[in-house]
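Trainee: So that we are looking at the same thing, I have put the structure below in structure tokens.
The values are calculated or read from the model by the stated rules, or taken from the named source; none is laboratory data. Keep in mind that this is a model prediction, so the values were computed, not measured. Cβ coordinates were reconstructed from backbone atoms using ideal geometry, including for glycine residues, and neighbour counts include every protein chain displayed.
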Amino acid sequence: MRILLISTNLAEEPYAVFPLGLGIIVHTLRARGHVVRIFDFLFEKADSEKLGEEIKKFRPELIGLGIRNVDNVNYLAPAFFLDVAAKLVTKVKSCCDAPVFVGGAGFSLMPEAILDFVGADYGIAGAGENAVLELTGYIERNELPPYIIYGKTTDCDFGSCDYEEDITRFYLSKTGMLPLQTKRGCPGKCIYCSYPGLEGNHVISRDADEVLEDLMFIQKRFEPETIYFTDSVFNDSGKQYIELLEKIASKGMKFPWCAFFSPDEFSSENIDLMKRTGLKTVELGADAYTDRTLAGLGKHYDFDTVFRSCEIFRNAGIKVSSSYIAGGPGENHETLREGIENLKRIYWVPAFLFMGIRVFPGTRIERVAREEGLLTEASDLLNPVFYLSPEISERDLFEGLNDGVKDMPHVVFPPQSRNDELKLFMKFQIQQRKKGDRNIE
């Protein structure tokens, strides 16, 4: 079957993100003998006429659109992304009679509402590998598929991606990074998080040999500046990440990599293992800046753990950046003042500070918002709705954050305020390394 897959994501703030999920679906379909082409809307400069020409030439029998994000989850500068997907569905339907489906992480947050909004024929929610094969099976048998097929990750056979040459090099030119997934699922109880709903609440790791095979291919073919492990939390509580790193080390492999970490009591042995395999940068999901607000988010650690995590990585010569949410349950004037002081303690760590929590269906923050009267039964979560603690006014929170961090150059608030600087810095790094200076940091 001829299948056209479209990446709808046009977001470049703070930087462009390679469509890993779409590449994984491409790999799955090609492995079953389907002929698959990718149309990346960002790579093609949002040229819908070129999309029409591609459809006319390729004559697809099935068209799929990947929706990575519903919006930018930024309370202070909101941007809604689903209009792009809706326009693309209208475009492809005007060009051919092939059935159209949508999927992706963003779609899976609210599948029924989003499917109705964009106007596609079918949807795939959750893990797409088995679900997309189920959909193609229905179509090949001339049977009517379910309106939405719900997929789950049930074994370790997932995550391999087809990295299309021109698209991959396009994203490399933007960031110098390539993503790779090593596991799915998160057992955490964070009240705002949608990952357990998307990937499950049990960690399932890919086969380590397959991960190594992907790593070697990426390194040899593309030589990225950094491999970005895209797991929701790389340092899982079951230490499966340590098993993978030990296997990488046993093969004598070392390459620059980064990942998203949760604060933890890291042992010196594990830090050494990370360094030996090439850990370059840690994205630390601190998430809140006081013990009270951490507890309000459902976190299992305190702020001292955040501090010690930052300190141990600094002592090991590993760079760290962190992110925080202000305004969650339990936030008040006292936690705001305490949080500002805590941010001063980790002056060496760039900190991205967000205000408000985007409310998604099925999360614990949705229940809290309903209990506190922020949401009613008729509330529409498709359009961005944010939770802010009723214990402090929006104005007091914003002004307190803005005034509190204005003399802290390591804190970025509002979070979008330095996107242009970040892009220029990444571009500078890539240009310098192309000239041969591998020591640029």
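Trainee: Mind listing just one residue for me: the one in the range 1-56 that is of a type in the set (F, W, Y) and without any contact (Cβ under 8 Å) to a residue 60 or more places away in the chain and, of those, surrounded by the fewest Cβ atoms within 10 Å (Cβ to Cβ)?
Mentor: It comes out as F41.
Trainee: Output the residue which, of all residues in the range 117-134 that are assigned to a loop (DSSP other than H, G, I, E, B) and out of contact with any Ser or Thr (no Cβ under 6 Å at 6 or more places or on another chain), is surrounded by the fewest Cβ atoms within 10 Å (Cβ to Cβ). Give the derivation first.
Mentor: Of the residues in the range 117-134, the ones assigned to a loop (DSSP other than H, G, I, E, B) are 119-121, 127.
Checking which are out of contact with any Ser or Thr (no Cβ under 6 Å at 6 or more places or on another chain) leaves us with 119-121.
On the way: G119: 14, A120: 25, D121: 16.
Here the residue is G119.
Trainee: Another one. Any residue that is outside any loop (DSSP other than H, G, I, E, B), assigned by TED's automatic domain parsing to the domain that holds F307, of a type in the set (A, V, I, L, M, F, W, C) and out of contact with any Pro (no Cβ under 8 Å at 6 or more places or on another chain) - is there at least one of those in the range 382-391?
Mentor: yes
Trainee: Ok, one more. When you scan the range 291-364 for helices (runs of 4 or more DSSP H) that lie fully inside it, which ones turn up with 3 or more residues that are touching a residue at least 60 places away in the same chain (Cβ under 8 Å) and assigned by TED's automatic domain parsing to the domain that holds E265?
Mentor: Counting at least 3 such residues, we get 333-345.
Trainee: Look at I191 and say whether it is buried (at least 16 other Cβ atoms within 10 Å of the Cβ) and assigned by TED's automatic domain parsing to the domain that holds D287. Break it down stepwise before answering.
Mentor: Values: buried (at least 16 other Cβ atoms within 10 Å of the Cβ): yes; assigned by TED's automatic domain parsing to the domain that holds D287: yes.
In short, yes.
Trainee: Where the second residue is charged (D, E, K, R) and part of a loop (DSSP other than H, G, I, E, B) and the first is closer than 13 Å to M274 by Cα and lies in the range 224-241, which pairs have Cβ atoms under 6 Å and are six or more apart or on separate chains?
Mentor: Going by the 6 Å Cβ cut-off, the qualifying pairs are N235/D264.
Trainee: Now, a different point. For the range 6-24, check the following and say yes or no: at least one residue is in a strand (DSSP E or B) and within 26 Å of N142 (Cα to Cα).
Mentor: Start the filter on the range 6-24 by keeping residues that are in a strand (DSSP E or B), which leaves 6-7.
Applying the additional criterion that residues be within 26 Å of N142 (Cα to Cα) yields 6.
Yes, the range 6-24 has at least one match.
Trainee: Evaluate the following for A259: is it in a strand (DSSP E or B) and not assigned by TED's automatic domain parsing to the domain that holds L42?
Mentor: Criteria met by A259.
Trainee: Only residues that are under 15 Å from G188 (Cβ atoms) and of a type in the set (V, I, T): list them for the range 291-308, please.
Mentor: T305
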